[in-house]
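Have a look at the structure below before the remarks.
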Amino acid sequence: MAKKVALLQGNEACAQGALYAGCKFFGGYPITPSTEVAEVLSVELPKVGGKFIQMEDEIAAMASVIGASLTGAKAITATSGPGVSLKQELIGYACIAEVPCVIINVMRGGPSTGMPTGPGQSDVMQAMWGTHGDHAAIALVPDSCQEIFSETVRAFNLAEKYRMPVQVLYDEIVGHMRERIEFPEPGELEVIDREAPSVSPEDYKPYDSTKGQVPPLAAFGSDYKYHVTGLNKADDGFPTTKASLVDAEERRQIDKVMDNIADIESYEEYLTEDADVVIWAYGSTSRSARYAVNELRKEGIKAGLFRPITLWPFPAKRTAELAEQAKAIVVAEMNLGQMVLEVERVAKGNCVVVHEGRVDGDPLNPGQIMDKVKEVL
Amino acid sequence: MAYDYEKSIRPGKLPHIWCPGCGHGIVMKGLIRAMDTCELDRKNTAIVSGIGCASRLPGYLDACTLHTAHGRAAAFATGVKMAKPQMNVICVGGDGDGTAIGGNHFIHACRRNIDMTYVLMNNYIYGMTGGQFSPCTPTGDLASTTPYGNPDPIFDISKLAIGAGATFVARTTAAHPREIDKLIVKGIQHKGMAIIEVIDDCPTTYGRRNKFRSVIDMMKRLKTEAVSVKAAAKMTAEQLEGKFLTGVLFQDTEKPEYTVQYANVIKKAQGA
Ligand SMILES: Cc1ncc(C[n+]2csc(CCOP(=O)(O)OP(=O)(O)O)c2C)c(N)n1
Ligand code: SF4
Ligand SMILES: [Mg+2]
């Protein structure tokens, strides 16, 4: 049987990916350029018995998503720019309380209201460091409508598997672009559900990590009664200020991600094997970068593309290897220098690292990237 | 025989953090009695709070308890109730939590008329952070950030709730402990957003600064200022000067409840 295909906008693909993953709850607040995610889910969620709620602001939206997730529902919110800033405190809450949820950030320019209808890639450091306190983060950066679909599914999988918030960041260009999408058959893409506890309700501890770094999460309204708090807590979920317990829990919550990078990591390479210069780009910018690589090759310049799909945790190992191999890395991003700082950090001076950015609301074009490559070589 | 509160308290979680004479403990006992009267299955009951001394209450109770972020209880609780409407949802918290930082969530939960019971402990102050003024600190009173007397006017929480669309609004005080559970019971039985404002006391950060020599003085003030709706009906405006009403202040059984409304959305979406 032929696969179901459709011409979908990135934001619509995101909503369809969420449904494929089994999402049953959306809580949001309208903001350009993310609104279509909400609009599609307001139509589709009730059809599958799911719930859609438009809350009074983005903080409330994030709160509702965490509350819904604790009842066992796969939950998502979608926002942009100022809305992402408002959500930060509760993203941290989801980190420390270890509540699975997915946050879609359709990136626009900033700071503040910035350019609501223009693209940007300037929230990428915020995705890691936006909320206060030490924590791990997972952020995915798809570059096409098909990939928005599959990465939204993967975001749910990672959220459920690692019991934490996962952010999907794509810029306005990909969010509003229309492309042909093939709908995967049910079962074709892996769909992961959170692990339920196997111990009796009496013995259940919501943060008991003796059997693994990610403790099973019981649903509110099942047989399990437990406590959830944003305070530092012991394995039983109750607040503690005991240094050794606080330290162990904080570290476990970071280790559960950093010890599993191989599982979480995802990137694509294009003509990097013999590359003298590697263009390091993600999201819509990587599409310009790929074009630039082809053009540069025609001119005899050995260029390649490294495209992270998992942006956080940062692809440090592979980036460091490329820095040893190449003469230069050109980090192309629609901001004035964010991921380039990480690339510089792991390159350790083994190659030249330069940045090509732009924040005027126009996409980074291939010509601009090519000029930079020629300048650096 | 003494009332058995123990069975509702999580083993090993007492003593609580509250100061001697704090009104929040009286409210917790009232809540336990009300949950017992309504025979709430604790497995199927979520107790949600924000941050503050009042908001520490859920941690002591044996149920599905969710201690969230400052001001956000109603928003978290909305997510819980929407996702699992069959659960009993109870919010608890302080005046600062519910009406300052959480004021927006509070009024919108009232507007939606989502089925939950919100017990708001109004001690006229930010207790946990050391006695800064809240939107409910009486004008002229002293707080750690109103050294010359509070210039701010106050929110009347119950009026705010009625105006915002809550369909059950009641008020009592920590000096009327038996009325606390009676009103919470009515709130739990009411299908829709029920607000129970309990005016209580913070001897440590409010009483001390405002020349109450003892907790007893604070309780006396609550007793003299509180007038039941029934008694008030026979009093003149002059006699009601400086008093506040207690009892069931408002009830509307007509306005549709939010999760019922959404169940209709699901029916429509599924073409039924
Ligand atoms: C975002 C945020 N801002 C400020 C605080 C600090 N804070 C903690 S409790 C509190 C006030 C609590 O007052 P109230 O809700 O009246 O409860 P009470 O302590 O009086 O019972 C404040 C301001 C916080 N925890 N989070
Ligand atoms: S500071 Fe006030 S509100 Fe907090 S526990 Fe003490 S008396 Fe109660
Ligand atoms: Mg208070």
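The values are calculated or read from the model by the stated rules, or taken from the named source; none is laboratory data. Quantities reported herein were computed from a predicted structural model and do not represent experimental measurements. Quick reminder, even Gly has a Cβ in these numbers, built from the backbone with ideal geometry, and neighbours come from all protein chains shown.
Here are the numbers for the structure shown:
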read-out	value
Matching residues, the range B:123-134, being among the aliphatic types (A, V, I, L, M) and either more than 9 Å from ligand 2 (Cβ to nearest atom) or away from every other protein chain (no Cβ under 14 Å) (or both)	B:ILE125
Hits in the range A:174-227 - residues which are in a loop (DSSP other than H, G, I, E, B) and small (Gly, Ala, Ser)	A:GLY187, A:ALA196, A:SER198, A:SER200, A:SER209, A:GLY212, A:ALA218, A:ALA219, A:GLY221, A:SER222
Residues of the range B:18-52 classified as part of a helix (DSSP H, G or I), in contact with a Phe, Trp or Tyr (Cβ under 8 Å, 6 or more places away or on another chain) and among the hydrophobic types (A, V, I, L, M, F, W, C), total	2
Any hit, the range B:103-122, residues being within 14 Å of chain A (Cβ to nearest Cβ), under 23 Å from B:GLY23 (Cβ atoms), within 13 Å of ligand 2 (Cβ to nearest atom) and not hydrophobic (A, V, I, L, M, F, W, C)	no
Qualifying residue in the range A:237-249 (condition: in contact with a Phe, Trp or Tyr (Cβ under 6 Å, 6 or more places away or on another chain) and either modelled with pLDDT under 95 or farther than 30 Å from A:MET370 by Cα (or both))	yes
A:ILE261 vs. criteria closer than 30 Å to A:ARG178 by Cβ, in contact (Cβ under 8 Å) with a residue 24 or more places away in the chain and among the β-branched types (Val, Ile, Thr)	no
Residue in the range B:1-21 that is farthest from ligand 3 (Cβ to nearest atom), counting only those that are surrounded by 15 or more Cβ atoms within 10 Å (Cβ to Cβ) and farther than 24 Å from A:VAL228 by Cβ	B:GLY21
Residues that are among the small types (Gly, Ala, Ser) and either within 14 Å of chain B (Cβ to nearest Cβ) or under 17 Å from A:CYS23 (Cβ atoms) (or both), drawn from the range A:188-206	A:SER200
Pick from the range A:96-129, criterion of a type in the set (S, T, N, Q) and in contact with a helix residue (DSSP H, G or I) (Cβ under 8 Å, 6 or more places away or on another chain), ranking: nearest to A:SER286 (Cα to Cα)	A:GLN121
Enumeration of residues in the range B:108-135 that are more than 13 Å from ligand 1 (Cβ to nearest atom) and surrounded by fewer than 19 Cβ atoms within 10 Å (Cβ to Cβ)	B:ARG111
Top-ranked residue of the range A:228-257 - restricted to ones that are of a type in the set (A, V, I, L, M) and part of a loop (DSSP other than H, G, I, E, B), ranked as farthest from the other protein chains (Cβ to nearest Cβ)	A:ALA234
Residue within the range A:40-54 that is in contact (Cβ under 8 Å) with a residue 12 or more places away in the chain, within 17 Å of the chain's Cα centre (by Cα) and within 25 Å of B:ARG72 (Cα to Cα) present	no
Residues located in the range A:328-359, provided they are in contact (Cβ under 8 Å) with a residue 12 or more places away in the chain and acidic (Asp, Glu)	A:GLU333, A:GLU342, A:GLU356
Within the range B:41-69, tally of residues that are near ligand 1 (Cβ under 9 Å from one of its atoms) and within 7 Å of chain A (Cβ to nearest Cβ)	1
Hits in the range A:314-334 - residues which are surrounded by fewer than 22 Cβ atoms within 10 Å (Cβ to Cβ) and in contact with a helix residue (DSSP H, G or I) (Cβ under 9 Å, 6 or more places away or on another chain)	A:PHE314, A:ALA316, A:LYS317, A:ALA320, A:GLU324, A:LYS327, A:ALA328
